[in-house]
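Okay, so here's the structure we're looking at.
The values are calculated or read from the model by the stated rules, or taken from the named source; none is laboratory data. All figures in this text were calculated on a predicted structure; none of them were measured in a lab. With ideal geometry, Cβ positions are generated from the backbone for all residues, glycine too; neighbour counts draw on all protein chains shown. To get the accessible areas, we keep the full protein, side chains included, count just its heavy atoms, and leave off ligands, DNA and RNA. Shrake-Rupley method; radii C 1.70, N 1.55, O 1.52, S 1.80 Å.
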Amino acid sequence: MTADSDRTQALSRADIFGPDSDDGATVGTHAAATLMVRSGPQAGDRFTLSGTPTRLGRHPDSDVSLDDISVSRRHAEIERHGVEYVLRDVGSLNGTYVNQRRVDSVVLQQGDEILVGRFRLLFIAPSESV
């Protein structure tokens, strides 16, 4: 493993609301939510949740493709219901966690940290939901 294969994007919870933040995780005026990879082999990557549902997994056809053996081929999905985004585990081997708690299904909130395998993702809600 090289140093580049496991990068970490450090953010404090306050950073996502701060106008002076240079990490790019500030709340914008986007109509769709975003996932930002905070740690793992793809740290810094961003994914817009524009599909319904948005599929997360190791499979290359996933909307959010997370290329690591710790991620199931079909791991989880996020579906928008009005202004809410619902994360659902779809039978993954290692489970899906939100804020360090294993979940089967949960409504995501601004700043939630999602753990999928070795990946930590930050949920950034669209401005209309904040």
Residues that are open to solvent by less than 10 Å² (accessible area, probe 1.4 Å) and of a type outside the set (A, V, I, L, M), drawn from segment 32-89: GLY40, THR54, GLY57, HIS75, TYR85
Single match in ARG55, ARG118, ARG88 (criterion: touching a strand residue (DSSP E or B) at 6+ places or on another chain (Cβ under 6 Å) and more than 20 Å from ALA33 (Cα to Cα)): ARG118
Candidates SER70, SER92 - the one that is more than 20 Å from ALA43 (Cβ to Cβ), assigned to a loop (DSSP other than H, G, I, E, B), out of contact with any helix residue (DSSP H, G or I) (no Cβ under 9 Å at 6 or more places or on another chain) and in contact (Cβ under 8 Å) with a residue 24 or more places away in the chain: SER92
Filter result (more than 20 Å from THR52 (Cβ to Cβ), in contact (Cβ under 8 Å) with a residue 40 or more places away in the chain and part of a strand (DSSP E or B)) within segment 95-116: GLU113
The one condition in (1) in contact with a Ser or Thr (Cβ under 6 Å, 6 or more places away or on another chain); (2) open to solvent by 30 Å² or more (accessible area, probe 1.4 Å); (3) assigned to a loop (DSSP other than H, G, I, E, B) that ARG120 fails to fulfil: (3)
Filtered residue count, segment 90-117, keeping only those that are open to solvent by less than 20 Å² (accessible area, probe 1.4 Å) and aliphatic (A, V, I, L, M): 5
